1. Only residues in region 143-160 that are on the phi < 0 side of the Ramachandran plot count as the first member; pair them with residues that are modelled with pLDDT under 95 and surrounded by fewer than 20 Cβ atoms within 10 Å (Cβ to Cβ), Cβ under 8 angstrom, at least 6 apart or cross-chain, and list the lot.
2. Do we have any residue at all in region 297-308 that's surrounded by 15 or more Cβ atoms within 10 Å (Cβ to Cβ) and either in a helix (DSSP H, G or I) or among the hydroxyl-bearing types (Ser, Thr, Tyr) (or both)?
3. Can you spot a residue in region 186-208 that is of a type outside the set (A, V, I, L, M, F, W, C) and over 21 Å from the mean Cα position of the chain (by Cα)?
4. Run Glu127 past the list (1) under 30 Å from Val260 (Cβ atoms); (2) surrounded by fewer than 20 Cβ atoms within 10 Å (Cβ to Cβ) and report the number of the one that doesn't hold.
5. Of all residues in region 335-370, count the ones that are free of Cβ contacts under 8 Å to residues at least 40 places away in the same chain and more than 22 Å from His76 (Cβ to Cβ).
6. Scan region 110-155 for residues that are in contact with a helix residue (DSSP H, G or I) (Cβ under 9 Å, 6 or more places away or on another chain) and not in a strand (DSSP E or B) and report the count.
7. Failed condition for Phe155, given (1) aromatic (Phe, Trp, Tyr); (2) surrounded by fewer than 19 Cβ atoms within 10 Å (Cβ to Cβ); (3) modelled with pLDDT of 95 or more; (4) closer than 30 Å to Leu48 by Cα, with all others met?
8. Right, Arg18: under 21 Å from the mean Cα position of the chain (by Cα), touching a residue at least 12 places away in the same chain (Cβ under 8 Å) and surrounded by fewer than 22 Cβ atoms within 10 Å (Cβ to Cβ) or not?
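The values are calculated or read from the model by the stated rules, or taken from the named source; none is laboratory data. Everything numeric in this text was worked out from a predicted model, so none of it was measured. So basically every Cβ, Gly included, is an ideal-geometry build from the backbone, and we count neighbours across all protein chains shown.
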Amino acid sequence: MGVITLIGCGFVADLYMRSLETFPDLRVGAAWDHDAARLKTFCDHWNLPAAGSLDELLAATPADGVVLNLTNPAAHYDINHACLVAGRHVYSEKPLAMTMEHARALHALAQDKGVMLASAPCSVLGEAAQTIGTALRKGIAGTPRVIYAELDDGFVPQADYRKWLTESGAPWPFVDEFNVGCTLEHAGYYLGWLISWFGSVRTVVAASAEVIPDKVGHGPMAPDVSVATLFFENGPMVRLTCSIVAPHDHSIRIVGDKGVLGCNAAWDNAAKVTFARRMTIRRRLMESPLKKRIRLSKPTHPKVKRWGAAAMNFLLGPAEMLDAIRQNRPTRMSADFALHMTEVTLAIQNAGETTGAQSMTTGCPPMEPMPWAV
């Protein structure tokens with residue numbers, strides 16, 4: 001049985017625990033949080049063993065287990081570093097680190113220790129992303145020429161977010177979310193898909209800004225909107241938007257020579273993937289209004305029920321890592337993948353108004369598809 005341990009028992013930890021119910025061959029060896037009251041509430045709710053310290057949690061993590069770093073982003077580097085120094089495989093919530101200096105240091109340390117280092121999100125391993133990947137490899141839409149990907153979440157500062165609580169009572173960390181920003185928090189949901197299909201991003205041309213002032217919190221706020229144009233080494237031109245301003249839109253459209261592949265729900269592993277063939281009717285060029293549903297022929301992965309805005313299995317990544325450890329093979333959620341996604345995301349987040357074109361210095365190959373998506 002695969003063993004995971006959890007550091008950080010806040011909002012996102014409950015999402016991982018809900019996903020754990022779909023993996024009967026996985027168990028939690030221990031959980032730890034610096035907030036003793038939150039740790040007790042979380043462990044009592046999920047009936048988990050609580051570690052008394054970080055060292056105690058690392059001791060409870062077997063060499064073939066995976067530590068899940070579910071702490072707030074500002075703590076990611078320190079916690080990831082401590083786990084890697086202890087020789088443990090690490091799966092970190094996004095972002096891997098808040099700076100490229102720290103991200104590179106973690107990448108080098110993982111290599112030095114001979115352990116795996118991965119970063120969320122793992123929806124890239126989900127059915128929707130894998131279905132589009134299969135459709136691209138089969139050329140269903142022809143050669144992809146341009147992609148529009150949207151990650152807009154509505155005018156969040158006006159939402160009733162103080163009432164967003166998980167089943168164990170953890171509040172949505174709105175102060176941290178506004179400080180860290182929607183790009184660092186959300187860009188990976190489609191950026192991970194894109195890198196998995198096409199590999200390395202060569203150039204990022206982006207702009208970012210804070211357009212909603214006076215959000216709840218303290219200190220400088222991160223941009224609440226970003227727009228990026230991505231140029232891949234071997235792929236189409238992509239426009240990616242992230243905001244907590246524009247009306248909710250999580251769609252992706254892949255425009256090819258034959259028509260348009262699409263999906264409308266990045267946060268739903270089982271979201272419909274469709275293809276609209278391009279045609280000419282009475283001299284009018286159009287995409288067919290009768291979209292074809294694209295499906296995979298094999299069973300895929302365990303699903304979770306919708307909770308709030310998402311229906312994502314958060315343990316697909318850690319489970320894949322544990323399989324890779326057991327099979328003595330590289331994990332799809334590689335350290336190279338995590339480092340490259342971090343560099344591209346930070347380039348978008350920090351672009352501001354005048355940065356202009358940024359050449360990426362890291363890279364990774366396209367991700368091997370899941371066995372059921374081949």
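1. Here the result reads Asp153/Ala309; Pro157/Lys215; Pro157/Val216, each pair linking region 143-160 to a residue that is modelled with pLDDT under 95 and surrounded by fewer than 20 Cβ atoms within 10 Å (Cβ to Cβ).
2. Initially, region 297-308 is screened for residues surrounded by 15 or more Cβ atoms within 10 Å (Cβ to Cβ), giving 300-304.
Going one step further and asking which of them are either in a helix (DSSP H, G or I) or among the hydroxyl-bearing types (Ser, Thr, Tyr) (or both), we end up with 300.
Within region 297-308 (the criterion being surrounded by 15 or more Cβ atoms within 10 Å (Cβ to Cβ) and either in a helix (DSSP H, G or I) or among the hydroxyl-bearing types (Ser, Thr, Tyr) (or both)), the answer is yes, since at least one residue qualifies.
3. Going through region 186-208, the residues of a type outside the set (A, V, I, L, M, F, W, C) turn out to be 186, 188-190, 192, 196, 199-200, 202-203, 208.
After this cut, where a residue has to be over 21 Å from the mean Cα position of the chain (by Cα) as well, the list is none.
Within region 186-208, not a single residue is of a type outside the set (A, V, I, L, M, F, W, C) and over 21 Å from the mean Cα position of the chain (by Cα).
4. Result: Glu127 passes all but (2).
5. Count: 2.
6. Going through region 110-155 one residue at a time, the tally reaches 26.
7. (4)
8. On the way: under 21 Å from the mean Cα position of the chain (by Cα): yes; touching a residue at least 12 places away in the same chain (Cβ under 8 Å): yes; surrounded by fewer than 22 Cβ atoms within 10 Å (Cβ to Cβ): yes.
Yes.
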